[in-house]
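Structure first, then comments.
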Amino acid sequence: MLCWKSKPWHMSNRPWGQEKQPLPNPGFFDAHCDTVMKVLDEGEDFLSTEGNKHISFPGMVRADIRAQIFACFVLSSQHEGHEYQRACQMIDAVHELAASTNGSLRIIRTSLEMLEAFSGGPRAGILSLEGADPLQGKADTLREFFERGVRSMVFAWQDNAFSGTAFGSNTPLTSQGRRLLGLCEELGVVVDVSHLSDTAFVDVVNLSERPFIASHSDCRSLCPSLRNLTDDMIRTLAERGGVMGINLSPSFLDPEYARVVDPLFREGTKAGVSEKRRRELRAQAAAVPRPRLDWVARHILHAINIGGEDCIGLGGDLDGIGQTPEGVDTVVDYLKFIPLLQEAGLSQRQIEKICYKNFVRIFSELLPS
């Protein structure tokens, strides 16, 4: 069984002069970011490393992010009556981000384009709907978003007309949710179970005929957030050929961090809380020490122990989370994962699978040819 070393990773039992040689950067596939929100709502410049964002195009190039899923996150509670329009606005914005790179980043639609991103072609941007609220209760509306380039789908972020969610009422897929699952598999849209309720996860397992992913979820046995996957879920995901992407949110990585910060977050989201109190709560949360980077390795090793080396990848949730582990401030810090995993005892083959090969496999299998 793989296990994380109890001593710091810079301490080694190897004799002097016999340190491991650093591995080359294999490139990365990152399965979830919310960068388009930062661009649309906060005016961030995707082509600049300056500003208050985790991901910029120069940062992607420096880290060699070869494929990035861009989430288009829309909630009815925030855009009631305009969910469809807001999703179209976000999709158009992602296309504009790609266009601004003069062909260096393209929004891919096919398995061939997916493979080309890792064989000398342009970097791949993949469009995802995070929450099916823009479908406005009708699964067949997915066809319109498919034509706009959407190739991945999280059914719900809050309980909606399609599914219950992790922090919701634990309800199953609805009849429209089951219809949406079938349409995803028919069209070649990758089904993403991150955020779904435990009951809805079981429905996906029982009703799906193709592999599915959990783009940005961690291991519940290490950190008991309902957003994380249980060991049984990880095992089932792996048996079905799926992949989970490790989320960098401290509240999903480190149980002690979650114990302190999560109550502050819950209080801040209650109705009637003043903006002054919300600022106070945010300041308290920001003062909590960030988890050590080795929590990332702990979750990866646990997932491998439960589901094997083919079921795990990276899904950082960058620009969608307020904090990150120690040492991760922008996407450039993905480069630190290679020596981290090497020191944790993983082979070059395993590290390459985690960094990109596992997600490339499933997307090249499921996307239209």
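A compact table of results
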{"read-out": "Selection within region 92-115 - within 22 Å of the chain's Cα centre (by Cα) and closer than 18 Å to F363 by Cβ", "value": "V94, A98, L105, R106, I107, I108, R109, T110, S111, E113, M114, L115"}
{"read-out": "Set C219, C223: member being in the same structural domain as F359 (by TED's automatic domain parsing), touching an Asp or Glu at 6+ places or on another chain (Cβ under 7 Å) and of a type outside the set (S, T, N, Q)", "value": "C223"}
{"read-out": "Residue in region 171-181 that is touching a Ser or Thr at 6+ places or on another chain (Cβ under 6 Å), surrounded by 24 or more Cβ atoms within 10 Å (Cβ to Cβ), part of a strand (DSSP E or B) and not charged (D, E, K, R) present", "value": "no"}
{"read-out": "L293, sole failed condition from (1) closer than 30 Å to V191 by Cβ; (2) touching a Lys or Arg at 6+ places or on another chain (Cβ under 7 Å)", "value": "(1)"}
{"read-out": "Test for A63: is it within 20 Å of the chain's Cα centre (by Cα), farther than 30 Å from F337 by Cα and small (G, A, S)", "value": "no"}
{"read-out": "Qualifying residue in region 174-192 (condition: closer than 18 Å to E239 by Cα, assigned by TED's automatic domain parsing to the domain that holds G245 and among the aliphatic types (A, V, I, L, M))", "value": "yes"}
{"read-out": "The one condition in (1) farther than 20 Å from F359 by Cβ; (2) touching a Ser or Thr at 6+ places or on another chain (Cβ under 6 Å); (3) surrounded by 23 or more Cβ atoms within 10 Å (Cβ to Cβ) that V74 fails to fulfil", "value": "(2)"}
{"read-out": "Hey, E186 free of Cβ contacts under 8 Å to residues at least 12 places away in the same chain and over 20 Å from D317 (Cβ atoms) or not", "value": "yes"}
{"read-out": "Checklist (1) crowded, with 24+ Cβ neighbours inside 10 Å; (2) small (G, A, S); (3) within 20 Å of the chain's Cα centre (by Cα) applied to G188, failing item", "value": "(1)"}
{"read-out": "Identity of the residue in region 248-283, under 25 Å from R235 (Cα atoms) and more than 18 Å from the chain's Cα centre (by Cα), that ends up surrounded by the fewest Cβ atoms within 10 Å (Cβ to Cβ)", "value": "P255"}
{"read-out": "Failed item, numbered, when S152 is tested on (1) assigned to a strand (DSSP E or B); (2) farther than 15 Å from P368 by Cβ", "value": "(2)"}
{"read-out": "Qualifying positions in region 310-332 - charged (D, E, K, R) and in contact with a Leu (Cβ under 9 Å, 6 or more places away or on another chain)", "value": "D317, E326"}
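Residue by residue, here is whether (1) hydroxyl-bearing (S, T, Y); (2) more than 30 Å from E147 (Cβ to Cβ); (3) more than 18 Å from the chain's Cα centre (by Cα) holds:
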| site | (1), (2), (3) |
| --- | --- |
| A285 | no, yes, yes |
| D294 | no, yes, yes |
| H302 | no, yes, no |
| D310 | no, yes, no |
| D317 | no, no, no |
| K353 | no, yes, no |
| L366 | no, no, no |
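Results for (1) in contact (Cβ under 8 Å) with a residue 40 or more places away in the chain; (2) more than 22 Å from A214 (Cα to Cα); (3) in contact with a Lys or Arg (Cβ under 9 Å, 6 or more places away or on another chain); (4) surrounded by fewer than 19 Cβ atoms within 10 Å (Cβ to Cβ), shown as yes or no for each residue.
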residue: P289; (1), (2), (3), (4): no, yes, no, yes
residue: A344; (1), (2), (3), (4): yes, yes, yes, no
residue: Q348; (1), (2), (3), (4): yes, yes, no, yes
residue: N358; (1), (2), (3), (4): yes, no, no, no
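The values are calculated or read from the model by the stated rules, or taken from the named source; none is laboratory data. Predicted, not measured: the structure shown is a model, and the values here were computed from it. All Cβ positions, glycine included, derive from the backbone under ideal geometry; neighbour counts span all protein chains shown.
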